[in-house]
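Below is one structure, written out as structure tokens; comments come after it.
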Amino acid sequence: MYHWEVVESIFKENPLVKQHIDSFNEFTNNKIHRVIDEIKQIETNKEGMVIKLHKIRLEMPVATEADGSKRIILPMEARLRNRTYAAPVFLEMGLVEDGVEKDRDDIYIGDLPIMLCSDMCHLKGLNQEEMIKAGEDPNDQGGYFIINGSEKVLVSVEDLAPNRMIVTKEAKGGKRMVVGRIFSIRGGFRAKVSVERNKEGMVYVSFPTSPKNLNLFVVLKALGLDKKQSILDAFSDKREVINDILLNLESMEARNQEEALDYIGKRVAAGQPSDYRKSRAGKILDDYMLPHVGITEEERMRKAYFLARMAERCIEVAYNKRDEDDKDHYANKRIKIAGNLMEDLFRYAMSYLIKDVKYQIERAYTRGRKLQIKTLIRPDAFYDRIRFAMATGNWVGGRQGISQLLDRTTYISMVSHLRRVVSPLSKTQPHFEARDLHPTHWGKLCPNETPEGQSCGLQKNLAIGCLISSKETSGLEKNLAQLGTNIIKK
């Protein structure tokens, strides 16, 4: 008898959809403001004029009637009237001309769908009697959205951990090579950076917009390690590593940083003047090479040491001094839940709104109108992108099936759907190792609940006792800061 009381108390303290609600709360409380802080301002074509973005504010969900009046809407009414359970979003903006801000106003930019039982929901904190009075099942834990009257759940997506190096042995064009990869993410930008070591011992690097077969040591010189000794100091003194370094240095054309930048510039800006080629090469290295490390010239040396570490691990794996990384190990995976997915969608919708504002400014100039903040904002530009993605499931980055119709067959099937985790891998390909049950799934993923057929092993479910922590909820950074360390920087 007592063990059932323990189980009930566990589920009461940690509901089965807690991960979605906590993640969405983190999105509305912090991440939404972080996205606005990243954007900061909207540049215009007129010199000395920008639109500055200040605070963003969400209200509780309301319904706008045909006569323009607004009133509180509950989830049940949204279901019955085929409405979207959404909250109005207001953004404080100001027009800055020649450093002087004027025409600052709180502008309505559109609506944002609200997750049931989250902090922004009217059902938050209601007891059983109040839930019944609101037309809801008192056992309904929320964790889903109501879009055009339909209940939609954002299915968690399993992906490789960002900003984490993974080294594997691969075959390309019939040749064996060792490849070290990292998905470097900063804000909404994702850059795949690869370091390849072929059978002959030559090491190449590739990243977005980089030329093909770019020697790693040319990039190291361009980043600031322009002397032979400084390059050797960036690596360990293991014999195998030193041999590969010397082999690459012998065949390298650039002798110093200037020549290295010009070497890269000739391949990304062919036919341009020398100064432009060098500045273009530097800009590419700053923006697209390991953006999570930094995007300014001051961080170039840190990027050089990071690349040296990637190359050394590739060399060690090639000489069997280190085991290759297991991509299916769950330490190398991260699960994107509702808050992360909504952050991606919100960032995309804001980028579209900014493009629309720039277009409206150009129109106002060509027609000779006076610029006013209120007339520049079209709420549909923001809201239509969010509503379309949540209604169809077509998400940012070309992913499909993220937003799904909630399975209401039984209570268990509903809870199962809310705890589902899908892999982005193609269902039509074998992917034998990805489908297998991995030892690190123990305690995290259910070993039994996966469908038969094409989705077997790619569609999984969280284990009953599994809780998903986030960077914000784990408290790791806070604890490290209290211990007086500054290892982790935001």
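Readers should treat all values here as calculations from the given coordinates under stated rules, not as data from a laboratory. Worth saying up front: this structure is predicted, and the values here are computed from it rather than measured. No Cβ is skipped: glycine too gets one built from the backbone with ideal geometry, and neighbour counts run over all protein chains shown.
Points worth noting:
- Residue order for 60, 93, fewest other beta carbons within 10 angstrom first, comes to 60, 93.
- Whether segment 62-195 is rounded, prolate or oblate, judged on the alpha carbon gyration tensor where a/c under 1.5 counts as rounded: oblate
- Dimensions in Å of segment 142-232 - Rg and Dmax from alpha carbons: 19.8, 67
- Once the gyration tensor of the Cα atoms in segment 1-63 is diagonalised, the equivalent ellipsoid follows with semi-axes of 45, 12, 7 Å, ordered largest first.
- For 449, 5, 26, order by how many other beta-carbon atoms lie within 10 Å, fewest first: 5, 449, 26
- Extents of segment 287-337, taken as max minus min of Cα coordinates on every principal axis and listed largest first, are 38, 35, 13 Å.
- Proximal lysines to residue 212, defined as alpha-carbon separation beneath 16 angstrom and excluding residues fewer than eight positions away on the same chain: 172, 192, 266
- Summed over qualifying helices (DSSP H, 4 residues or more, each -39500 (n - 2.57)) and divided by its residue number, the chain shows a 222 nm mean residue ellipticity of -11000 deg cm²/dmol.
- The distance from the alpha carbon centre of segment 360-388 to that of segment 23-89 is 16 Å, rounded to a whole number.
- Calculated on the Cα set of segment 166-318, radius of gyration then Dmax: 14.7, 42 Å.
- Eligible lysines near residue 227 by straight Cα distance, threshold 19 Å, same-chain separation 8 or greater: 278, 303
- The lysine pair tally for segment 333-390, using Cα distances under 28 Å and a gap of 8 or more places or different chains, is 5.
- Rounded Å value of the spacing that divides the Cα centres of segment 261-319 and segment 124-197: 29
- In segment 383-430, trypsin sites (Lys or Arg not before Pro) in a DSSP loop with at most 12 other beta-carbon atoms within 10 Å: 408
- Likely footprinting exposure, 436, 356, fewest C-beta neighbours within 10 Å first: 436, 356
- Size of electric dipole in segment 43-88: Cβ of Lys, Arg +1 and of Asp, Glu -1, about Cα centre, debye, nearest 20: 140
- Computed log10 I(q)/I(0) for the chain at 0.09, 0.12 Å⁻¹: -0.80, -1.23, from the Debye equation with unit scatterers placed on every C-alpha and solvent omitted.
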